[in-house]
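Some notes on the structure that comes next.
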Amino acid sequence: MRLVADEVRAFALEAGFNLVGITRAVASPTVGAYLRWLEQGMHADMAYMARPDRIARRADLNVVLPGALTLIVVGMDYGQVAERAWLNDPANGRFAAYAWGMDYHHVMEARLKVFAGWLERYGQHSQAIYVDTGAILERSHAQQAGMGFIGKNTMLIHPRRGSTFFIGEILTTLACDAYDQPLQRVGCGTCTRCLNACPTAAFTQPYVLDARRCISYHTIENKGDIPADMRPHFGNWVFGCDVCQDVCPWQRFAPSASERQFWLAQRERAAAPLATLLSMTTEAFNQRFGNTPVHRAKLWRLQRNACVAAGNSGQPALVPALEPLVNSANEVVAEHARWALQRLAG
């Protein structure tokens, strides 16, 4: 039995997703570019991205799910508006907008499980669910499913929704009666705002992001020292970075999140006082960030990032909060605290 595309799209929207696309479970057209990216070491120390088994999955969806015929891709908006002065205050540590609400992995996975259960009406089949965790080139597949185009900032951009939406997938052995096609005649044109605005010049060329120079990589994935020569360019970012999305002209069309769990409950979720982050206990960290994407960074990494932001703040009032961290049992935190104090001392 085949999936009926119109029924699948209707249920996806009814289930709370804001976008849906259906594409054939074939190899991504960007696999070659991905392999070149790995060869140049642009994945930094994210060794899992270069594992042979992961590469095999990204190159062939049938390695992920034998007999796969269809990939259903869904999106959920997370766009929010926060007080710009509060976000940019150097005394505050700023979080990327996707982390302002509840952890999207849990929210979307729950919806996808309901979706997968609904698909059982089409008969016996095998399926797999992913939310930013599987070895799938999801942005490329989403582009093939007509959900947007890949911008020069490497983000998936929908011409009427911008790029602030999460992506999830259901891979199934069922065929579909109709598949979506990639969008035509839309893209970035001659615009290079994202490339020019990146604080650390992380884009080596359009459509190519070098993680070794990316603020998001260093504040979230990097488990060691942040390169000293890059720290002054981090501003007050302590978890992720939105610069290349914020400056994108397509972003003016981005809607606010309809899912309440992604709503900004308090402005401290968008930017928190650095003094609070620097002196935060493990208990307080778990209580505030326990069910958000920030929790994956762990307290020590967030404090490392807060030390960098404090060093960039020009706020001598942060010295008392930094001084105890010089004696931290975590040498990475201690070194960054010393750096911040030296910066504040001129």
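Every number here is computed from the coordinates shown, using simple stated rules; none is lab data. Note that this is a predicted model, so its numbers are computed, not measured. Cβ coordinates were reconstructed from backbone atoms using ideal geometry, including for glycine residues, and neighbour counts include every protein chain displayed.
Taking amide H as placed 1.01 Å from N in the peptide plane, L3 has its amide H under 5 Å from the amide H of A175, C176, D177, each at least 5 places away in sequence or on another chain.
Under a model in which nothing but the beta-carbon of Lys, Arg (+1) and Asp, Glu (-1) is charged, segment 1-125 shows a dipole of about 320 debye around its Cα centre.
Under unit Cβ charges (Lys, Arg +1; Asp, Glu -1), what dipole magnitude, rounded to 20 debye, does the chain have relative to its Cα centre?
Working: 34 positive and 30 negative charges, 84 e Å.
Computed about the Cα centre, the dipole is about 400 debye.
In plain terms, the chain from A15 to V63 could stretch by 14.4 nm, reckoned as 0.36 nm per residue minus the Cα-Cα distance.
Using the Karplus relation 6.51 cos²θ - 1.76 cosθ + 1.60 with θ = phi - 60°, the per-residue 3J(HN,Hα) values for segment 78-93 come to 10, x, 9, 10, 10, 4, 4, 4, 5, 4, 8, 4, x, 7, 10, x Hz, with x marking Gly and Pro. Near S258: Cβ cut-off under 14 Å, other residues only, Lys/Arg at +1 and Asp/Glu at -1. The net charge is 0. Between Q124 and Y207, the simple spin-label model (points 7 angstrom out along Cα→Cβ) gives 4.3 nm.
Taking a straight line from the alpha carbon of K298, these lysines sit under 22 Å away, with near neighbours fewer than eight places off in the same chain left out: K223.
Ranking L112, A310, F203 by Cα position along the charge dipole of the chain, where only Lys, Arg, Asp and Glu carry charges on their C-beta atoms, puts F203 farthest toward the positive end. Length, then width, then depth: along the principal axes, the Cα atoms of the chain run 69, 39, 37 Å. Report summary: the helix-based calculation at 222 nm, which adds -39500 (n - 2.57) for every DSSP H run with n ≥ 4 and divides by the residues of the chain, gives -9000 deg cm²/dmol. Calculated FRET efficiency, E268 to M1, Cβ-Cβ distance, R0 = 41 Å: about 0.25 to the nearest 0.05. Given labels modelled 7 Å from the Cα in the Cβ direction, how far is it in nm from N88 to A56? Result: 5.1 nm between the two label points. Of the residues C241, N222, T276, the one whose Cα sits farthest towards the positive end of the charge dipole of segment 193-344 is C241 (charges of +1 on Lys and Arg Cβ, -1 on Asp and Glu Cβ, taken about the Cα centre).
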